[in-house]
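Novice: Handing you this structure, nothing more for now.
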């Protein structure tokens with residue numbers, strides 16, 4: 001055979017081989033001529049829904065969703081276990097269950113998950129296989145966030161997104177319940193969390209989440225405009241019908257709104273009611289999501305402890321897994337904010353001394369002394385310099401300056417002492433503690449932000465007795481009990497009671513809480529939620 005003929009034969013078989021391989025690869029793809037048009041393939045009736053799901057799980061398709069390698073593998077494993085059968089679609093549409101899940105995902109904020117946290121499933125040229133994958137992924141993101149939390153609260157940023165475990169997803173999918181009910185069952189088993197999650201969901205379901213904020217002024221500043229704008233706000237927030245013109249109905253609606261915002265239900269448009277009305281319902285619900293997240297990642301409670309919620313102005317003492325005592329408190333002014341901290345109460349001090357902080361003695365007591373050197377005696381103060389008592393009448397107060405105040409001021413024990421007749425000591429870097437006060441009137445005010453940073457407690461002797469009743473270490477109880485505290489108070493002398501078992505105290509800042517009946521939006525008195533809301537909104 002000549003070389004030219006041999007070359008022709010080789011070329012013929014080469015082209016024949018290429019053609020056969022092309023036909024073989026095309027038939028193996030299962031798409032025939034439609035392979036060049038993915039949309040036609042996914043819409044075609046020629047291929048099973050299982051094959052379409054398997055194809056959608058290929059890298060080139062999942063890459064368009066922005067999933068990580070780990071997430072892509074999770075999805076492949078999840079559907080391989082199901083033999084690529086769908087959860088949310090049939091051959092041509094989303095099923096009733098699929099529409100239900102899409103609605104739940106769109107309303108993720110109802111469950112305390114910000115809307116911008118999830119990758120939403122959206123229709124695209126009716127490629128429902130695509131929505132099948134997106135819905136499964138969104139559900140897995142949401143379940144994981146509900147169970148483990150979505151935020152680094154200390155660094156004020158989102159945690160990286162991740163899927164729930166396949167075991168958890170399969171467990172959830174086996175439940176024969178509406179999806180909203182399934183999502184509400186996720187998260188901690190703590191009763192406070194359960195009440196909160198349920199009430200938030202019901203509130204969102206029944207209340208329009210208006211994003212409109214207002215600029216309502218207190219009634220005394222502009223009575224006509226204030227009342228008129230309040231009606232508009234109450235309509236916008238779903239508390240009043242737009243057709244309602246009766247002023248009494250407006251006042252009744254305002255009282256309900258005040259109850260939901262932790263304010264005195266007097267039907268008056270005061271300073272704090274105006275502030276609450278001005279905030280949009282959407283921002284209130286974002287605050288609820290933030291505070292539900294705090295419960296989601298909270299450490300397990302010890303056997304006994306004190307929890308103080310600053311925006312609620314309330315102290316609670318728990319022992320043996322039950323609430324034993326509740327007390328109203330007064331907290332720091334906005335310029336003297338009470339800090340958040342964890343510590344342990346070690347001492348109960350009867351008839352305490354008060355070492356006046358330098359900022360108070362130099363800025364508040366010094367001006368009084370310049371006007372009247374007898375101010376010290378009147379308020380039972382003593383003056384010290386280098387541990388030596390000084391006669392205040394011998395000091396030329398007019399020459400003393402605020403930034404060079406050289407003295408230590410200590411108020412002696414007694415009923416008029418600013419700490420009252422009892423205080424609770426715990427180590428902290430802010431020199432704050434819980435104590436009694438001779439000024440009892442402020443406990444009846446709804447917004448109680450008046451102190452220099454310490455927490456004034458209503459009925460603190462009752463709290464002291466309760467703590468002593470449960471103070472034991474093993475089988476050894478404190479020698480002093482509730483009756484002992486009464487006896488020490490009758491002596492009217494300074495006495496330090498050392499606790500055998502120090503009581504953990506948690507001073508927290510939660511602007512939204514829930515009780516058995518409903519959710520309550522407290523004022524963000526220190527504006528500490530604002531940094532979180534900036535990225536929760538976006």
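The values are calculated or read from the model by the stated rules, or taken from the named source; none is laboratory data. A quick note: this is a predicted structure, and the numbers were derived from the prediction, not measured. We place every Cβ from the backbone using ideal geometry, glycine too, and count neighbours over all the protein chains shown.
Novice: Which ones in the stretch 147-168 are outside any loop (DSSP other than H, G, I, E, B), closer than 15 Å to residue 118 by Cβ and touching a helix residue (DSSP H, G or I) at 6+ places or on another chain (Cβ under 6 Å)?
Specialist: Answer for the stretch 147-168, where residues must be outside any loop (DSSP other than H, G, I, E, B), closer than 15 Å to residue 118 by Cβ and touching a helix residue (DSSP H, G or I) at 6+ places or on another chain (Cβ under 6 Å): just 151.
Novice: A further question follows. Here are some residues: 517, 483. Which one is over 30 Å from residue 115 (Cα atoms) and either in a strand (DSSP E or B) or more than 14 Å from the chain's Cα centre (by Cα) (or both)? Step through it out loud before you land on a result.
Specialist: Details: 517 fails: over 30 Å from residue 115 (Cα atoms).
Being over 30 Å from residue 115 (Cα atoms) and either in a strand (DSSP E or B) or more than 14 Å from the chain's Cα centre (by Cα) (or both) holds for just one of 517, 483, which is 483.
Novice: Is at least one residue of the stretch 137-145 modelled with pLDDT under 90, closer than 25 Å to residue 532 by Cβ and within 27 Å of the chain's Cα centre (by Cα)?
Specialist: no
Novice: Taking into account only those residues within the stretch 291-311 that are in a loop (DSSP other than H, G, I, E, B) and touching a residue at least 40 places away in the same chain (Cβ under 8 Å), which is farthest from residue 515 (Cα to Cα)?
Specialist: Looking at residues that are in a loop (DSSP other than H, G, I, E, B) and touching a residue at least 40 places away in the same chain (Cβ under 8 Å), I get 302.
Novice: Inside the stretch 191-270, counting only helices (runs of 4 or more DSSP H) that do not spill past its ends, which hold 3 or more residues that are within 30 Å of residue 297 (Cβ to Cβ)?
Specialist: The helices (runs of 4 or more DSSP H) meeting that bar are 191-206.
Novice: Among the numbered criteria (1) touching a helix residue (DSSP H, G or I) at 6+ places or on another chain (Cβ under 6 Å); (2) within 27 Å of residue 346 (Cβ to Cβ), which one does residue 491 miss?
Specialist: Going through the list (1) touching a helix residue (DSSP H, G or I) at 6+ places or on another chain (Cβ under 6 Å); (2) within 27 Å of residue 346 (Cβ to Cβ), residue 491 breaks only (1).
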